[in-house]
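The values are calculated or read from the model by the stated rules, or taken from the named source; none is laboratory data. What you see is a predicted model; the values in this text were computed from it and never measured. Backbone-built Cβ (ideal geometry, glycine too); neighbour counts: all protein chains shown. Calculation scope for accessible area: heavy atoms of the full protein, side chains included, ligands and nucleic acids excluded. Shrake-Rupley method; radii C 1.70, N 1.55, O 1.52, S 1.80 Å.
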Amino acid sequence: MSERTIALVTGANKGIGYEIAAGLGALGWSVGVGARDDQRREAAVERLRAAGIDAFGVPLDVTDDASVSAAARLIEARAGRLDVLVNNAAITGGMPQEPTQVDPATIRTVVETNVIGVIRVTNAMLPLLRRSTSPRIVNMSSSVGSLTRQSGTAAELTTGPVAVAYAPSKTFLNAVSLQYVRELSGTNILINVGCPGYVATDLNGFRGVRTPAQGAEIAVKLATLPDDGPTGRFFEDAGEVPW
Ligand SMILES: NC(=O)c1ccc[n+]([C@@H]2O[C@H](COP(=O)([O-])OP(=O)(O)OC[C@H]3O[C@@H](n4cnc5c(N)ncnc54)[C@H](OP(=O)(O)O)[C@@H]3O)[C@@H](O)[C@H]2O)c1
C-alpha cells in the first residue's frame, strides 16, 4: 500500500474540483482526478503533473454504475485504499428554473448527478475508505441548499436565483450526508459538507466573484481535519452554514 495519502476528487477536470485536486496535491498527496471526458481529464492530469503534483486520471461519470465501479477498481489496484473522497461533481441543469415552468426531466437529471451520483460514488468507495486510518468524505454543497438562508429572514439573506432543481438538490445532498453520518457514526470516517462561496466557473457562466482556488479552500480544510475534528457539519470559509 502507498504511504502517501490517497484522495479522489470527482469533477476535477475544471473549476473548483481542479483546484481542490491542486490543493490536496500540494500537500504531497496522490490525487485521483475523477472526470468523465478523456481529453479534459488527461489535460488536467498533465497540468497538475507539470506543477509537480502526483496526479492520476480516474475515468468517472457519477451517473454511470459501471464507470463508478471501474473507478473503485482502479483506485484499489493503484493504492489499495482511499483516504479522502471529495464529492465535487455537479450540474445546475440550466437556468432559469422557476418552479412553475420547470420541465420535470430537469429535476430528475440534476438529482441523478448531484444526489444519486454522490451516493453511487460514496458507496463504491466506502470499502476502500474503511481501509484508511483517517478517512474523510467531503460533499461539496452550496449555501443555496440551506433552508434557513432560502427562507430569507433579515438575518439570513436569501442566496442564489430561484432554482427548483439545483438548490433543492443541494438541500437533498445535505440531508443525505447526515444519513451517512448517522449510519457511520461508529466508524472513524469524518463526513462534512462544504460551500465554496460564489465562484467564477462554468457552472454560473463565470459570474461568481471568488476564484476557483478560493472556492477550493473549504474542501481542502475539511479533507485535512484532524481525527478529533467535526463530522456531520456544514461549513463555508466564514464558519458554519445553517442547514
Ligand atoms: N461555482 C459556484 O459558485 C458554486 C457555488 C456553490 C457550490 N458550488 C459547487 O461546487 C462544485 C464544483 O462546481 P464548479 O463551480 O467548479 O462547477 P464546474 O466548473 O461546472 O465543474 C463541475 C465539474 O463536475 C463535472 N461533472 C458534471 N457532471 C458529471 C458527471 N456526471 N460525472 C462526472 N463529472 C461530472 C464536470 O465535468 P465536465 O467538464 O465533463 O462537465 C466538471 O468537472 C459543485 O458541487 C457545485 O455545485 C459551486
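Against the criterion of being part of a helix (DSSP H, G or I), modelled with pLDDT of 95 or more and not small (Gly, Ala, Ser), Thr122 qualifies.
For region 148-177, name all the residues that are out of contact with any strand residue (DSSP E or B) (no Cβ under 7 Å at 6 or more places or on another chain) and at pLDDT 95 or above. Answer for region 148-177, where residues must be out of contact with any strand residue (DSSP E or B) (no Cβ under 7 Å at 6 or more places or on another chain) and at pLDDT 95 or above: Ala167, Pro168, Ser169, Lys170, Thr171, Phe172, Ala175, Val176.
Within the option set Val220, Val199, Val209, Val241, being among the hydrophobic types (A, V, I, L, M, F, W, C), under 17 Å from the mean Cα position of the chain (by Cα) and over 15 Å from Asn139 (Cα atoms) holds for one residue only, Val199.
I want to confirm something. Restricting to region 55-75 and keeping residues that are exposed (fewer than 15 other Cβ atoms within 10 Å of the Cβ) and touching a residue at least 24 places away in the same chain (Cβ under 8 Å), which single residue is farthest from the ligand (Cβ to nearest atom)? Here the residue is Ser69.
Within region 15-60, the residues that satisfy the criterion of being in a loop (DSSP other than H, G, I, E, B) and either closer than 21 Å to Arg120 by Cβ or of a type in the set (Val, Ile, Thr) (or both) are Arg36, Asp37, Ile53, Leu60. Counting only helices (runs of 4 or more DSSP H) that sit completely within region 129-243, those holding 1 or more residues that are surrounded by fewer than 18 Cβ atoms within 10 Å (Cβ to Cβ) and within 12 Å of the ligand (Cβ to nearest atom) correspond to 212-223.
Please go through region 92-108 and pick out each residue that is free of Cβ contacts under 8 Å to residues at least 24 places away in the same chain and either under 18 Å from Pro59 (Cα atoms) or in a helix (DSSP H, G or I) (or both). Scanning region 92-108 gives Pro104, Ala105, Arg108. When region 76-113 is filtered for residues that are open to solvent by less than 20 Å² (accessible area, probe 1.4 Å) and among the charged types (D, E, K, R), only Asp83 remains.
Among the conditions (1) touching a strand residue (DSSP E or B) at 6+ places or on another chain (Cβ under 9 Å); (2) open to solvent by 40 Å² or more (accessible area, probe 1.4 Å); (3) closer than 17 Å to Gln179 by Cα; (4) aliphatic (A, V, I, L, M), Ile116 misses just one, which is (1). Checking each residue in region 1-52 for being more than 12 Å from Val84 (Cβ to Cβ), more than 16 Å from the ligand (Cβ to nearest atom) and in contact (Cβ under 8 Å) with a residue 40 or more places away in the chain picks out Met1, Ser2.
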